[in-house]
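The values are calculated or read from the model by the stated rules, or taken from the named source; none is laboratory data. Because the structure is predicted, anything quoted here is derived from the model rather than measured. A quick note on method: Cβ atoms are made from the backbone with ideal geometry, for glycine too, and the neighbour counts reach across all protein chains shown. Side chains are part of the model used for accessible areas, which takes the heavy atoms of the whole protein and leaves out ligands, DNA and RNA. Shrake-Rupley method; radii C 1.70, N 1.55, O 1.52, S 1.80 Å.
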Amino acid sequence: MGNIEFHNMDCMAGMAKYPDKHFDLAITDPPYGLKRFERKNETHNRICGEAKINSWDRKPEEAYFKELFRVSRYQIIFGANNFKLPPSEYFIVWDKMQSVDNFASAEYMWTNIKMPAKVFRYPIHKIQGERKRFRKIHPCQKPIALYGWILAKYAKPGWRILDTHAGSASSLIACHDMNLDAVGFEIDKKYYELADERLSQHRSQMNIFDYIRGGADEHL
């Protein structure tokens with residue numbers, strides 16, 4: 001499986017440690033800064049025992065994108081319609097197959113990888129299947145299947161992956177499963193602890209599965 005590094009730190013400090021183009025691909029979901037989380041949020045209160053989550057819902061400054069482009073060759077950026085990014089004719093859409101009109105039906109991603117536009121259709125309600133094994137730990141949690149599809153389409157074997165806002169660690173779990181080395185940063189301590197536990201749990205489950213699939217006698 002891939003070598004996964006997960007750090008509880010500011011991604012700007014984290015990226016500063018790496019040379020130019022160290023990562024082959026950055027897949028990141030930065031805060032959009034839409035003020036949507038300024039009100040009290042019951043989910044977040046239950047998870048983290050805090051009243052508000054707008055402390056992290058702040059749009060990255062230009063310096064963030066400059067550093068992101070410095071340390072990575074290619075980028076896939078969620079919510080790109082909220083940011084000022086270089087012109088690109090390439091993009092990705094997650095069709096959530098949402099049946100409720102007052103919720104977003106899709107999510108847009110910017111990329112500089114030269115590939116015709118792609119659409120990933122994955123019903124938002126299917127995330128509930130993941131939650132049977134992994135409870136929701138972040139308000140912006142994305143399905144592991146989405147990251148797995150992105151990596152299968154856009155990454156190549158041996159690539160190093162970066163996620164500057166790892167959140168629930170879905171991206172890192174997908175990298176682990178696809179045998180890709182990855183580094184993730186999460187600045188919020190509570191989210192980091194929950195995500196690190198989720199990642200560790202998944203690794204343990206996969207190790208047990210590999211043991212059973214490979215045959216116990218191979219491990220004696």
Taking the stated definitions as given, is TYR192 within 21 Å of ARG121 (Cβ to Cβ) and of a type in the set (Ser, Thr, Tyr)?
no
Name every residue in the stretch 80-95 that is over 17 Å from TYR154 (Cβ atoms) and open to solvent by less than 30 Å² (accessible area, probe 1.4 Å), in order of residue number.
PHE83
Report the residue count in the stretch 184-198 for those that are open to solvent by 80 Å² or more (accessible area, probe 1.4 Å) and outside any helix (DSSP H, G or I).
1
Single match in ASN112, ASN54 (criterion: open to solvent by less than 70 Å² (accessible area, probe 1.4 Å) and modelled with pLDDT of 90 or more)
ASN112
Which condition breaks for GLY79 when tested against (1) at pLDDT 95 or above; (2) at positive phi?
(1)
Whether any residue in the stretch 68-75 is open to solvent by 40 Å² or more (accessible area, probe 1.4 Å), modelled with pLDDT under 90, under 18 Å from ASP163 (Cβ atoms) and in contact with a helix residue (DSSP H, G or I) (Cβ under 9 Å, 6 or more places away or on another chain) is what I want to check.
no
Selection over the stretch 148-182 where residues are in a strand (DSSP E or B) and either farther than 18 Å from ASN8 by Cα or open to solvent by 10 Å² or more (accessible area, probe 1.4 Å) (or both) yields a count of 2
